[in-house]
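Input: a single structure, listed below in structure tokens.
Just so you know, all these numbers are worked out from the coordinates, no wet-lab data involved. Because the structure is a prediction, the values reported are computed rather than measured. In this analysis, Cβ positions are derived from the backbone assuming ideal geometry, glycine residues included, and neighbour counts consider all displayed protein chains.
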Amino acid sequence: MSTSTSVSGKGLLLKADSIAATFRDDVEKTLGNCSHAPKLVGILSTSSSPSRTYAEFTRKQCESLGFKFELKETGAALPNEGLGEGEGVEEAIMEANEDDSVDGVMVYFPIFGPQQDHYLQQLVSPYKDVEGLHVKFHYNLYHNIRFISPSSLSIPTASATGLTGNEAENDIPPPGMVKSILPCTPLAIVKCLEYAGVYNKILPYGDRAYGKTVVVVNRSEVVGRPLAALLSNDGARVFSVDIDSIQEYTKRPSDPDSSRKYHPRHIVRPPPEAYNTLEACLAVADVIVSAVPNATYKISTAWLKDGCVCVNVAAEKNFEKDVRDKASLYIPAVGKVTILMLLRNLLRLQQYKNVSSTAGSPAQ
């Protein structure tokens, strides 16, 4: 484990490199068993410097591991063409969807803003959505559906079937099924918490976060809300904190006699009155994850519970410099793990094609 302790009595600083290394080995091994290297297409259509930096980071990671990567630039990403922000992005997505040589598509957001960008996220074929942002994957995540038949992505969402963490004995998909794609950043955070020992491997699969209280600061559909759902479906009690409200996520008890067509999944309720402030939630939190995109936002170290685990997801650090005076472990960034989750998703999307082809159902 790559950690450092600069002063006796301070919590551990756990960098993402050592966590990413474990998944890098797994990705390389899986890639070595593929008949051909999967191809990822990145679509850049803005003049945003962070988006271009991320695109180049993606390219380097793909090339270092042996994946094929192609960057398609359109709109304001082509400064000499006189095109506007996002111009041509829809056409680029549809072309990549229809190209049989392409196994995965990612779009560098933000482009237009949350509402229009959400439309673009749904335009990417679920069979090529390496970021797990399509509504079909969000449906599976929020309904605790972990293993699916690839053909279910071609049928109406409400009819999707699969196995939950309550029904499966472990994390190995049954024959003919695959793991549903999860959003990269929330999945990376869960993997970091598993590595840090927050998850108890002795407990049954689907309940390994049982007994943990987690605070997630940010409730976006890209990070905060799906993360709260993932953790609560694994048994944790989660306080989801956003700018205007606090919600409590807990796991719905299994009911083997139920005839409901819906899968057992997390419940969202207003928190008890005693936990209607961030300070009160932090006082009992075993884990705090913050993803607030604001350079001035800081979580007060004084509010933290002694011995907690803190994870910073924002580009701007959301914790104060003395966070390790209270935290037993601090993870300052998860980006290097996130990119490996994206590449794992790419490998699984290629697997979708193979399973669908074997079953005689075309992936499109």
_Suppose a student asked you for the relative contact order of the chain, using Cα pairs under 8 Å spaced at least 6 residues apart; what percent would you report?_
19
*Dimensionless Rg/Rh of segment 1-160 - Kirkwood Rh, Rg from C-alpha atoms*: 1.03
*For the chain, list the DSSP H helices whose alpha carbon atoms reach 30 Å or more along the long axis and whose average Kyte-Doolittle value is 0.0 or above?*
335-359
*Give me D for the chain in µm² s⁻¹, whole number, from Stokes-Einstein with Rh from the Kirkwood sum over alpha-carbon pairs, 25 °C and 0.890 mPa s.*
115
_segment 52-122 - charge dipole about Cα centre, Lys and Arg +1 at Cβ, Asp and Glu -1, debye rounded to 20_ = 420
*Report the local net charge at residue 91: Lys and Arg +1, Asp and Glu -1, summed over other residues whose C-beta lies under 12 Å from its C-beta.*
-3
*With unit charges on the beta carbon (Lys/Arg positive, Asp/Glu negative), name the residue among 307, 86, 297 whose Cα is farthest towards the positive pole of the charge dipole of the chain.*
307
*asked:* For segment 272-343, take the convex hull of the Cα atoms, compute a quarter of its surface area, and give me that in nm², please.
replied: 5.5
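When you count, for each residue, the other Cβ atoms within 10 Å and take the mean per peptide, how do 237-246, 71-80 rank with the highest first?
Listed from highest to lowest mean packing, they are 237-246, 71-80.
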*Report, by chain and number, residues whose modeled amide H sits under 5 Å from the one on residue 215, excluding near sequence neighbours (fewer than 5 apart, same chain).*
239, 287, 288, 289
